[in-house]
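Worksheet for the structure shown next.
The values are calculated or read from the model by the stated rules, or taken from the named source; none is laboratory data. These figures come from a predicted structure and were not determined experimentally. All Cβ positions, even for glycine, are placed from backbone atoms using ideal geometry, and neighbour counts span all protein chains on display.
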Amino acid sequence: MPDPRSRRLSWTEVVPPVALLTLAVTWGRHPGAVGLTVVALLLAAAVLAAVHHAEVVALRVGEPFGSLVLAVAVTVIEVALILTLMLGGGKDTSTLARDTVFAAVMITCNGIVGICLLVGALKYGTTHFNAEGTGAALATVITLAVTCLVLPNFTTTTPGPEFTGSQLTFVALSSLALYGMFVVTQTVRHRDFFLPVSEEGELLPETDHAARPTQRRTLQSLSLLIISLVAVVGLAKIESAPIESTVKALGMPQAVVGVVIALLVLLPETIAAVRAAKRDQIQISLNLALGSAMASIGLTIPTIAVATIWLDDPLALGLEPMQMVLLAITAVVSVLTVVPGRAKSLQGGVHLVLLASFVFLSFKP
């Protein structure tokens with residue numbers, strides 16, 4: 001019988017320390033084209049490794065706690081990237097937080113939700129989920145989005161899409177309180193509202209028969225997850241300057257940078273959500289999507305609000321008119337998708353068209 005201690009290391013265990021070592025070697029330098037290519041490849045590999053280790057931890061703690069693990073991990077990446085770029089002193093970073101958070105909302109509510117509904121419906125005919133839990137999550141996301149990203153355009157104390165210091169403090173505290181209330185609802189008070197259900201609305205048993213990881217493996221994956229997140233943030237910072245230069249060279253709007261950041265940090269959520277959809281666990285997919293949107297606003301905005309103490313540029317949070325229209329359409333379509341508690345491939349297609357509209361108009365406003 002082979003010694004279990006002599007097993008070979010998997011790529012998910014090798015990539016995080018290698019990515020971290022690469023970060024240490026390249027930090028503060030300006031790699032050439034070859035170096036940037038290697039960094040980009042390691043960045044993608046570190047993201048995939050983070051997905052794997054987050055899923056191991058999620059399997060240990062169970063749903064819906066597992067969805068929270070990945071949502072918080074993704075938000076850590078997002079906040080770190082935004083702060084790194086804003087503190088880097090670019091010419092105009094005042095709208096970076098707004099553009100990134102709005103992109104995250106559009107990608108999660110339309111992209112992840114759309115592709116998961118489409119994948120699930122094409123494979124199983126009709127997808128079923130708990131409308132009570134999903135509706136509560138959607139209501140929280142819409143409230144956070146409107147409060148943080150729409151109201152700044154209509155306040156009168158200061159001109160433009162900005163909050164005053166007291167207004168920003170109130171919004172930040174309100175966002176944290178609302179996010180905290182939802183987490184308690186999801187994990188303590190009404191946990192069953194966020195578990196997979198059958199066509200009749202009854203809770204389904206776990207369909208993922210993978211063995212529950214041991215405590216030792218869970219702690220190992222948690223450590224590698226943290227290493228992966230640090231590597232992702234650092235390597236993405238190295239790639240951020242070339243991304244911004246490319247955007248400027250191509251004459252694209254500054255909002256494109258926020259879209260690129262959101263696409264990068266939400267890759268782990270997207271992969272995990274699609275995997276759940278393939279297992280006919282659409283509720284888990286929706287937990288991941290809406291949970292990420294919620295964390296992206298409810299945790300990012302308060303953190304950025306605190307960081308404004310050290311930032312010289314103003315913080316513009318109010319959306320442009322076109323963005324507000326897309327947000328309003330997304331809210332209406334999402335409500336119509338969630339209310340029945342089931343969805344067909346058509347609903348997935350509608351959400352994906354909204355995502356395509358957002359991406360196209362970001363490049364060509």
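So the values come out like this:
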{"quantity": "Unique match (being in a helix (DSSP H, G or I), crowded, with 24+ Cβ neighbours inside 10 Å and either on the phi < 0 side of the Ramachandran plot or modelled with pLDDT of 85 or more (or both)) among G111, G66", "calculated": "G111"}
{"quantity": "Filter result for K278 (at pLDDT 80 or above, of a type in the set (D, E, K, R) and over 16 Å from the mean Cα position of the chain (by Cα))", "calculated": "yes"}
{"quantity": "Number of positions in segment 119-162 that are over 19 Å from G291 (Cβ atoms), part of a helix (DSSP H, G or I) and not hydrophobic (A, V, I, L, M, F, W, C)", "calculated": "4"}
{"quantity": "Residue check, L144 at pLDDT 80 or above, surrounded by fewer than 20 Cβ atoms within 10 Å (Cβ to Cβ) and closer than 26 Å to Q283 by Cβ", "calculated": "no"}
{"quantity": "Complete set of residues in segment 12-33 that are farther than 23 Å from I261 by Cβ and either surrounded by 13 or more Cβ atoms within 10 Å (Cβ to Cβ) or modelled with pLDDT under 85 (or both)", "calculated": "T12, E13, V14, P17, V18, G32"}
{"quantity": "Breaking point among (1) over 16 Å from the mean Cα position of the chain (by Cα); (2) under 27 Å from F360 (Cα atoms), for V232", "calculated": "(1)"}
{"quantity": "Of residues in segment 163-192 being closer than 17 Å to T95 by Cβ and either part of a helix (DSSP H, G or I) or within 24 Å of the chain's Cα centre (by Cα) (or both), the one modelled with the highest pLDDT", "calculated": "V171"}
{"quantity": "Qualifying residue in segment 138-145 (condition: under 24 Å from the mean Cα position of the chain (by Cα) and of a type in the set (S, T, Y))", "calculated": "yes"}
{"quantity": "Of all residues in segment 193-228 being under 30 Å from L23 (Cα atoms) and surrounded by fewer than 12 Cβ atoms within 10 Å (Cβ to Cβ), the one that is modelled with the highest pLDDT", "calculated": "R216"}
{"quantity": "Number of positions in segment 307-331 that are surrounded by fewer than 15 Cβ atoms within 10 Å (Cβ to Cβ), within 21 Å of N153 (Cα to Cα) and hydrophobic (A, V, I, L, M, F, W, C)", "calculated": "3"}
{"quantity": "Residue identified as surrounded by fewer than 16 Cβ atoms within 10 Å (Cβ to Cβ) and modelled with pLDDT of 80 or more among L263, L250", "calculated": "L263"}
{"quantity": "Single residue of segment 332-365 satisfying the filter (in contact with an Asp or Glu (Cβ under 9 Å, 6 or more places away or on another chain) and within 28 Å of V274 (Cβ to Cβ)) that is surrounded by the most Cβ atoms within 10 Å (Cβ to Cβ)", "calculated": "S362"}
{"quantity": "Sole exception among (1) over 23 Å from the mean Cα position of the chain (by Cα); (2) modelled with pLDDT of 90 or more; (3) closer than 28 Å to V325 by Cα for G160, by number", "calculated": "(2)"}
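Let's see how each residue does on (1) closer than 13 Å to S292 by Cβ; (2) over 14 Å from the mean Cα position of the chain (by Cα); (3) modelled with pLDDT under 70:
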residue	(1), (2), (3)
A45	no, yes, no
E78	yes, no, no
L81	no, no, no
L87	no, yes, yes
